[in-house]
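Chemist: There's a structure below that I have some questions on.
Derivation of every value follows stated rules applied to the coordinates shown; laboratory data play no part. Only a predicted model underlies this, so the values are computations on that prediction, with no experimental measurement involved. Neighbour counts are summed over all protein chains in view; Cβ atoms, including those assigned to glycine, are modelled from backbone coordinates with ideal geometry.
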2 protein chains.
Amino acid sequence: MTPHHTTWFPIPEHSDFSIYNLPFGIFSTPDRTPRVGIAIGEHIIDLADLAQSGLWDNIAPASVFEQNTLNAFIRLGKKTTSAVRLKVQELLCDPESPLKSVMDGRFFVAQSEATMYLPVEIGDYTDFYSSIEHATNVGKMFRDPANALLPNWRHLPVGYHGRASSIVVSGTPIRRPHGQVLPKGAEVPVFQASARLDFELEMAFIIGKDTPMGATIATADAEEYIFGMVLFNDWSARDIQAWEYVPLGPFLGKNFGSSVSPWVVTLDALEPFRVPGPTQEPQPLPYLQCDRPANYDIALEVSITPENSTETVVCRSNFKYMYWNMPQQLAHHTVNGCNVRVGDLMASGTISGSTEDSFGSMLELAWQGTKPLPMSDGTERVFIRDLDTVTMRGHAEKDGIRVGFGEVTGKVLGV
Amino acid sequence: MTPHHTTWFPIPEHSDFSIYNLPFGIFSTPDRTPRVGIAIGEHIIDLADLAQSGLWDNIAPASVFEQNTLNAFIRLGKKTTSAVRLKVQELLCDPESPLKSVMDGRFFVAQSEATMYLPVEIGDYTDFYSSIEHATNVGKMFRDPANALLPNWRHLPVGYHGRASSIVVSGTPIRRPHGQVLPKGAEVPVFQASARLDFELEMAFIIGKDTPMGATIATADAEEYIFGMVLFNDWSARDIQAWEYVPLGPFLGKNFGSSVSPWVVTLDALEPFRVPGPTQEPQPLPYLQCDRPANYDIALEVSITPENSTETVVCRSNFKYMYWNMPQQLAHHTVNGCNVRVGDLMASGTISGSTEDSFGSMLELAWQGTKPLPMSDGTERVFIRDLDTVTMRGHAEKDGIRVGFGEVTGKVLGV
């Protein structure tokens with residue numbers, strides 16, 4: 001049981017940003033340069049100002065909060081970053097808190113007045129492929145329905161490197177990419193705007209501690225290296241990807257843009273929601289075995305909002321469905337000595353469940369265009385149209401405690 | 001014809017670092033913090049010191065030379081970086097040069113006394129697959145010998161994203177990776193040290209100018225975005241790669257380490273060696289068409305030096321064999337709006353020629369282990385053994401002008 005906390009700060013019911021969450025992000029306002037903040041209810045606590053005031057013990061050097069990424073803060077180590085979060089929690093619960101007297105002022109900013117930024121400088125971005133339902137769906141569609149999973153899939157968390165430069169924060173518009181596409185039945189490709197633009201519902205974790213080259217991370221130690229998590233939309237141009245991806249994997253079908261949610265929810269905050277994952281059969285090799293539950297029960301949903309219309313939820317899934325968990329992904333990624341760095345982002349791969357309404361991409365939801373999805377405005381979708389906005393949300397909830405991610409959203413612009 | 005230059009500075013005959021080259025790199029000595037230098041003969045000119053002295057016009061702010069990467073310098077733009085290089089060339093040729101009087105001192109450092117660093121902070125690393133001979137060899141071995149090239153290969157420069165964190169400078173030892181391997185005939189993988197460790201002879205170009213997301217780079221403009229080139233060894237664990245790579249491409253078989261040469265040779269210096277590439281059939285789509293010759297005649301070689309032995313050259317190839325040229329690679333990479341950033345590294349893929357001694361990897365040279373290569377010490381190699389040192393060299397030469405890359409070298413350590 002998580003101890004209950006009562007805060008004097010006004011937080012709307014069902015807020016993702018409860019007193020139990022306190023995620024970190026980078027924000028600015030017209031008066032404040034980009035800096036580190038913590039989300040609480042509908043507000044942000046300005047940690048740069050807080051660190052410089054006399055109100056707060058100097059748990060961490062003030063300079064790390066006056067940055068436009070979380071990297072320097074994260075690099076202080078979990079002992080420090082956890083202490084900062086707990087201190088803020090204490091200040092928000094203490095009825096005598098010195099913060100209270102200045103609540104309407106200096107340290108608090110309304111989220112509606114803030115601009116959010118990519119929370120970390122991402123050195124390297126890796127995308128896994130760890131949902132067995134997603135990999136099976138894709139295998140059924142494009143390969144052999146009877147042997148949908150490739151032989152390696154149950155033995156290792158398949159992953160590949162993605163493009164870091166084009167990862168953007170929620171709210172950034174995504175331009176529909178052009179590229180080479182092979183028309184059905186043709187032998188020669190044509191150049192056109194992608195006609196099969198898709199989202200992929202993913203979550204991602206952010207590396208919290210460097211390793212040197214040659215070092216490995218055991219599954220038992222992996223959580224020391226994970227600072228926190230975000231929502232992740234791995235936008236995909238299916239037609240470009242289908243033509244280009246053999247034999248070396250996805251490239252232009254993915255690297256035109258990926259979107260992340262602005263608030264990094266710490267593993268500390270997610271601890272109450274830890275659950276066991278699916279049974280792994282066959283048992284993985286020893287370096288991939290994981291002794292304790294390492295999945296998290298995080299409800300996820302995706303909606304599509306056509307231009308000038310209301311949103312339609314098209315997918316409800318859950319992070320707990322993941323076949324390979326984060327410690328296994330990280331142990332695998334480093335078992336060959338590959339080094340990781342603070343700020344690296346490692347995404348889950350599309351998170352699909354077993355029911356048709358829990359599939360994490362339009363490719364699966366509309367089953368390659370054969371099952372159009374109705375929108376609230378009467379139109380249908382098999383893929384994403386220009387001016388559609390795709391929004392992903394995620395939250396964990398248990399025993400009256402809610403810890404959420406807010407949302408990652410992006411509007412598709414035509415070309 | 002390149003105008004001939006005569007320098008008063010002593011340069012050994014056949015030096016890669018002639019007065020026509022003047023490549024940029026990052027070096028330090030026990031007395032000098034890491035900083036920008038230019039290689040000349042067996043020496044380095046200390047640009048940080050030079051910029052601060054009264055000897056040199058302030059073409060560029062001194063601060064960009066007092067950095068441990070070239071990124072800030074490159075970001076000044078080609079007009080400035082080219083002017084710096086030409087000014088150094090002028091100072092080295094002027095018989096009345098003020099540098100002359102202090103030649104034995106302050107501004108010059110012997111390369112033998114310097115430590116070299118990774119020349120740039122690499123944001124993203126992309127690896128292409130642009131040698132038709134290499135792609136054909138691999139296709140013959142692993143797929144259909146009669147249809148060795150996949151259908152997309154002649155239509156686009158196939159590429160994929162690699163790991164930036166594990167790219168190291170020449171001289172850094174490479175640890176043989178462990179990983180999952182599927183033994184011949186087995187259905188279940190085992191965990192072991194790679195038994196098929198290989199090099200890949202590549203060259204790479206370094207991005208010299210940012211683009212915003214959504215922008216494209218035309219082939220005609222691509223050279224504005226390329227600062228210079230390095231040698232690149234894309235170390236590969238063939239057995240790990242073979243098991244993991246479907247369907248999303250290479251991952252742990254590559255990301256345990258890649259090596260680059262320390263001196264970045266500018267496109268300016270390579271200009272005299274521009275040559276046409278192979279005929280492209282079929283003609284590529286318009287966005288990939290390239291009006292002028294964009295290959296470079298750069299002789300390449302790879303040697304293996306067993307521990308306590310002499311080196312054996314195992315491969316002689318040439319960068320001019322590349323089917324897809326750098327402007328085409330960059331046009332393709334950005335045609336979907338993917339942004340590039342100063343310091344991004346884009347590698348060619350293995351550079352193989354048409355003759356058996358010009359293949360750019362052990363996989364091809366020893367044809368999957370069937371044709372062992374003799375070493376000077378009487379041993380044989382089908383892949384790389386522990387304590388072997390692999391060295392790659394490259395240079396262009398024409399009309400008595402030599403512009404070289406020095407070498408990229410790495411010793412393989414056991415585990």
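Chemist: Tell me what chain B gives for mean residue ellipticity at 222 nm when only DSSP H runs of n ≥ 4 count, each as -39,500 (n - 2.57), the sum divided by the residue total, rounded to 500 deg cm²/dmol.
Modeler: On the way: 8 runs with 62 residues, N = 415.
After summing the helix terms and dividing by the residues of chain B, the value is -4000 deg cm²/dmol.
Chemist: Here is a further query. Just to confirm the numbers: A:Ala299, label point 7 angstrom along the Cα-Cβ line, distances to the other copies in nm, shortest first?
Modeler: When each copy's label point is compared with this one, the spacings are 7.1 nm.
Chemist: What's the long-distance tail for the protein assembly as shown, i.e. % of Cα pairs beyond 36 Å? Numbers along the way, then the final one.
Modeler: Numbers: 165573 of 344035 pairs.
Of the Cα pairs, 48 percent sit more than 36 Å apart.
Chemist: Between A:Ser101 and B:Asp210, what's the calculated FRET efficiency when r is the beta-carbon distance and R0 is 51 Å? Round to 0.05. Mind dumping the intermediate values first?
Modeler: Numbers: r = 46 Å, r/R0 = 0.90.
Efficiency at R0 = 51 Å is approximately 0.65.
Chemist: Give the separation of the Cα centroids, the stretch B:142-165 to the stretch A:144-197, in Å.
Modeler: 15 Å
Chemist: At 7 angstrom along the Cα-to-beta-carbon line, where would the label on A:Leu373 sit relative to the other copies? Give the distances in nm, shortest first.
Modeler: 5.2
Chemist: Return the Cα extents of the stretch A:24-116 along principal axes one, two and three, sorted largest first, each rounded to a whole Å.
Modeler: Taking max minus min along each principal axis of the Cα atoms, the stretch A:24-116 gives 31, 29, 22 Å.
Chemist: Rounded, prolate or oblate: which one fits chain B, using the alpha carbon gyration tensor with axes a ≥ b ≥ c (rounded when a/c is under 1.5, else prolate when a/b beats b/c, else oblate)? Before the final figure, lay out each step's value.
Modeler: Working: a/c = 1.82, a/b = 1.44, b/c = 1.26.
Prolate.
Chemist: Where Lys and Arg each count +1 and Asp and Glu each count -1, what net charge lies around A:Glu407 among other residues with Cβ under 10 Å from its Cβ?
Modeler: On the way: positive: A:Arg393; negative: A:Asp16, A:Glu301.
Neighbour charge sum, excluding A:Glu407 itself: -1.
Chemist: Determine the distance separating the Cα centre of the stretch A:241-316 from the Cα centre of the stretch A:68-101; give it in Å without decimals.
Modeler: Using only Cα atoms, the two centres lie 28 Å from each other.
Chemist: Right, here's the next one. Cβ under 13 Å from A:Thr33's Cβ, A:Thr33 left aside: what net charge do those residues give with Lys, Arg +1 and Asp, Glu -1? It would help to have the intermediate numbers written out before the result.
Modeler: Details: positive: A:Arg32, A:Arg35; negative: A:Asp31, A:Asp46, A:Asp49, A:Glu66.
Spelling it out: positives minus negatives among the neighbours equals -2.
Chemist: Starting at the first residue of the stretch A:120-125, write each ³J(HN,Hα) from the Karplus equation 6.51 cos²θ - 1.76 cosθ + 1.60 with θ = phi - 60°, in whole Hz, x for Gly and Pro.
Modeler: In residue order, the calculated couplings are 10, 7, 8, x, 10, 10 Hz.
Chemist: Related question: Give the long-range amide H neighbours of A:Tyr117: residues separated by 5 or more places, or on another chain, with amide H under 5 Å away, using H modelled in the peptide plane at 1.01 Å from N.
Modeler: Under 5 Å from the amide H of A:Tyr117 lie the amide H atoms of A:Ile26, each far enough along the sequence or on another chain.
Chemist: Rank A:Ser28, A:Leu99, A:Leu70 by how far each Cα sits towards the positive end of the charge dipole of the stretch A:24-116 (+1 on Lys, Arg Cβ; -1 on Asp, Glu Cβ) and give me just the farthest.
Modeler: After comparing all options, I get A:Leu70.
Chemist: Nearest to the axis that maps chain B onto chain A: list the chain B residue whose Cβ wins, with the distance in whole angstrom.
Modeler: Nearest Cβ to the rotation axis, residue and whole-Å distance: B:Gly249, 1.
Chemist: Explain nothing, just compute: Karplus ³J(HN,Hα) = 6.51 cos²θ - 1.76 cosθ + 1.60, θ = phi - 60°, for every residue of the stretch A:212-221 in order, whole Hz, x for Gly and Pro.
Modeler: Along the stretch A:212-221, the couplings run x, 4, x, 7, 10, 10, 6, 4, 5, 9 Hz.
Chemist: Further question on the same structure: Would you pull out the residues with amide H under 5 Å of A:Gly406's amide H, same chain only if 5 or more places away, H placed 1.01 Å from N?
Modeler: A:Gly394
Chemist: In peptide B:148-155, what is the residue-averaged number of other protein chain Cβ atoms found within 10 Å of each Cβ?
Modeler: Working: counts 0, 0, 3, 6, 9, 2, 0, 6.
For this peptide, the per-residue mean of nearby foreign Cβ atoms is 3.
Chemist: Mind running the shape call on the stretch A:228-342? Use the C-alpha gyration tensor, a ≥ b ≥ c as the square roots of the eigenvalues: rounded below 1.5 for a/c, prolate if a/b tops b/c, oblate otherwise. Don't skip to the answer; put the middle values down first.
Modeler: Working: a/c = 1.86, a/b = 1.24, b/c = 1.50.
Oblate, since a/c reaches 1.5 and b/c is not below a/b.
Chemist: In addition: Please compute, for peptide B:330-337, the average count of beta-carbon atoms on other protein chains lying within 10 Å of each residue's beta-carbon.
Modeler: Numbers: counts 0, 0, 5, 4, 3, 8, 18, 12.
Taking all residues of B:330-337 together, the mean is 6.
Chemist: Give me A:Lys79, B:Lys78 sorted ascending by neighbouring Cβ count inside 10 Å, so fewest comes first. Don't jump to the answer; show the numbers that get you there.
Modeler: On the way: A:Lys79 8, B:Lys78 18.
Lowest count first: A:Lys79, B:Lys78.
Chemist: How much length is gained on full extension from A:Thr370 to A:Ser354, taking 0.36 nm per residue of separation minus their Cα-Cα distance? Working shown, then result.
Modeler: Numbers: separation 16, 0.36 × 16 = 5.76 nm, distance 1.85 nm.
Here the segment from A:Thr370 to A:Ser354 would lengthen by 3.9 nm.
Chemist: Continuing with the same structure: Counting other C-beta atoms within 10 Å, which of A:Ser194, B:Ser258, B:Ser354 has the fewest, and how do the rest follow? Don't skip to the end; give the middle numbers.
Modeler: Working: A:Ser194 25, B:Ser258 28, B:Ser354 11.
With the sparsest Cβ surroundings first, the list reads B:Ser354, A:Ser194, B:Ser258.
Chemist: Could you grab the relative contact order for the stretch B:125-413? Cα pairs under 8 Å, six or more apart, rounded to a whole percent.
Modeler: Numbers: 713 pairs, mean separation 78.5, N = 289.
Reported as a whole number, the value is 27 percent.
Chemist: A further question on this structure: Between B:Thr33 and B:Ala220, what length comes free when the chain is fully extended (0.36 nm per residue of separation minus the Cα-Cα distance, one decimal in nm)? Walk me through the numbers on the way to the answer.
Modeler: Values: separation 187, 0.36 × 187 = 67.32 nm, distance 3.93 nm.
Length gained, B:Thr33 through B:Ala220: 63.4 nm.
Chemist: Related question: State, to one decimal in nm and shortest first, how far the label point of B:Phe142 sits from each corresponding label point in the other identical copies (label point: 7 angstrom along Cα-to-Cβ).
Modeler: 1.6
Chemist: Counting Lys +1, Arg +1, Asp -1, Glu -1, what net charge surrounds B:Thr219 among other residues with beta carbon under 11 Å of its beta carbon? Please list the in-between numbers first.
Modeler: Working: positive: B:Arg292; negative: B:Asp221, B:Glu223, B:Asp291.
Around B:Thr219, the surrounding residues sum to -2.
Chemist: Can you work out the FRET efficiency for the pair A:His5 and A:Leu55, with r the C-beta to C-beta distance and R0 = 22 Å, to the nearest 0.05? Don't skip to the end; give the middle numbers.
Modeler: Numbers: r = 19 Å, r/R0 = 0.88.
My answer for the efficiency is 0.70.
Chemist: Which ordering of B:His5, A:His4, B:His155 is given by a fewest-first count of other beta-carbon atoms within 10 Å? Before the final figure, lay out each step's value.
Modeler: Values: B:His5 13, A:His4 10, B:His155 18.
With the fewest neighbours first, B:His5, A:His4, B:His155 line up as A:His4, B:His5, B:His155.
Chemist: Now, a different point. Give a residue-ordered list of calculated ³J(HN,Hα) values for the stretch A:235-252 (Karplus: 6.51 cos²θ - 1.76 cosθ + 1.60, θ = phi - 60°; whole Hz; x for Gly, Pro).
Modeler: Result, rounded to whole Hz: 3, 9, 9, 4, 6, 5, 4, 4, 7, 8, 7, 8, x, 10, x, x, 9, 6.
Chemist: Which of rounded, prolate, oblate describes the stretch B:129-223, given a ≥ b ≥ c as roots of the alpha-carbon gyration tensor eigenvalues and a/c under 1.5 marking rounded, otherwise prolate only if a/b is larger than b/c?
Modeler: On the way: a/c = 2.36, a/b = 1.36, b/c = 1.74.
Oblate is the answer for the stretch B:129-223, as a/c is 1.5 or above yet b/c matches or exceeds a/b.
Chemist: Oh, and also: Can you return the aspartates and glutamates within cross-link range of A:Lys371? Criterion is Cα-Cα under 15 Å, with same-chain partners fewer than 8 residues away left out.
Modeler: Partners within reach: A:Asp198, A:Glu356, A:Asp357, A:Glu380.
Chemist: In addition: Under a crude label model (7 Å from the Cα following the beta-carbon direction), how far is A:Glu281 from A:Cys93 in nanometres?
Modeler: 4.3 nm
Chemist: Next question, about the same structure. Search the structure for amide H atoms under 5 Å from the amide H of A:Val314, placed 1.01 Å from N in the peptide plane, and list their residues when 5 or more places away or on another chain.
Modeler: For A:Val314, the qualifying residues are A:Val302, A:Ser303, A:Ile304.
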